[in-house]
Number of protein chains: 2
Amino acid sequence: MKHSLSMKHSLSVLLAALLLSSAGGALAQQSAAKPEQLIKWRQSVYQVLGWNSARIKASVYGQYNREEVLRSANAIAALANSGVGSLFVPGTESGKGWKETATRPEFFRNPQRVVELAGNFNREANELARVVATGDEAAVKAQFGRLSQTCKACHDDFKLKD
Amino acid sequence: MKHSLSMKHSLSVLLAALLLSSAGGALAQQSAAKPEQLIKWRQSVYQVLGWNSARIKASVYGQYNREEVLRSANAIAALANSGVGSLFVPGTESGKGWKETATRPEFFRNPQRVVELAGNFNREANELARVVATGDEAAVKAQFGRLSQTCKACHDDFKLKD
């Protein structure tokens, strides 16, 4: 079966919509939450990702603590799998959670790019958890580098500078 | 072998110290982070727990969405297992993260009670993830209730009222 370009486009938009709505009832459920709450939640998610990233960084560039890295990597993977896209629903393009949102307006106008970047992050986050559980420190360090690149790629495109 | 009361006490204090320091290099690693950052991280963790709790609540008291509940419960369990105690190190008894800490001073003076409450939370959080993966909606609802009770128990003892 040959897919037309417009069908491919439709599928991409659908995929983006699913990701952004966290695939299911999330959109309906979370419509009860105010934009300010959704923004506060997503800002909190990124802080928690930052905390766990800092712990892994301290371990792979300092004294390696496998248990510490494992619990950090598992937390990052669980959040990557948690459907954070559902916190970026229409109505949250601007507004204040803990502080003004740092998400650039372009984020909401480029669902295909968002899906691509989010997919990269999810893939590398889950791979990191797998590597920590099974691999040695060097492999973990390399995979942590790949994960960090996916964070940076999204920040470069879609995060306002401090 | 019979343990004396003082030995039991010493073990409890050791356990508390391990929990609070996240069992390992975490204390040394995180001494690099300022108290304000540690407080911001822990406030963020509770927001993320609140987000995922809200999603589960909406599902078990509304239209049940197993995938949504599963990803939420997995995120809660991963955070429960992540060593959040390491964000409550000495020096963080007061101070401002996103806002002034809501942790009561009593928290830092009752490590045994903290260990008990944290242990209850961790147990019920992991049990919820297990029940969601294997059980029906009624079982999930009951287990979510048990988890929520452990949140409330700790808030009652150690969280300042808004």
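No value in this document is a laboratory result; all are computed from the given coordinates. Since the structure is predicted, the reported quantities are computational estimates derived from the model, not experimental observations. So basically every Cβ, Gly included, is an ideal-geometry build from the backbone, and we count neighbours across all protein chains shown.
The table that follows gives values for the structure above.
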| quantity | calculated |
| --- | --- |
| Rg/Rh (Cα only; Kirkwood hydrodynamic radius) as it applies to the stretch A:121-162 | 1.10 |
| Average beta carbon contacts from partner chains per residue of A:125-137, 10 Å cutoff | 0 |
| Burial ordering of A:K40, A:K161, A:K34, fewest other beta-carbon atoms within 10 Å first | A:K161, A:K34, A:K40 |
| Paramagnetic reach from B:R66 (point 7 Å along Cα→Cβ, amide N under 13 Å) across the stretch B:107-126 | none |
| Selection from A:Q149, A:F107, A:A78 lying farthest towards where the dipole of the stretch A:37-162 points positive, charges on Cβ | A:F107 |
| Across the identical copies, how the A:T134 labels are spaced - nm, sorted shortest first, 7 Å along Cα→Cβ | 2.4 |
| Out-of-range pairs (alpha-carbon distance over 27 Å; input A:K96/B:K96; A:K99/A:K141; B:K40/B:K141) | A:K99/A:K141; B:K40/B:K141 |
| Average beta-carbon neighbours from other chains, 10 Å sphere, peptide B:109-121 | 0 |
| Inverse mean reciprocal Cα-Cα distance (Kirkwood Rh) of the stretch B:41-162, Å | 15.0 |
| Label point 7 Å beyond Cα along the C-beta direction, distances from B:A153 to other copies (nm, shortest first) | 4.5 |
| Copies compared at A:A102 - label distances in nm, ascending, label defined 7 Å from Cα in the Cβ direction | 2.3 |
| Order of B:S72, A:S82, B:S94 under a 10 Å beta carbon neighbour criterion, fewest first | B:S94, A:S82, B:S72 |
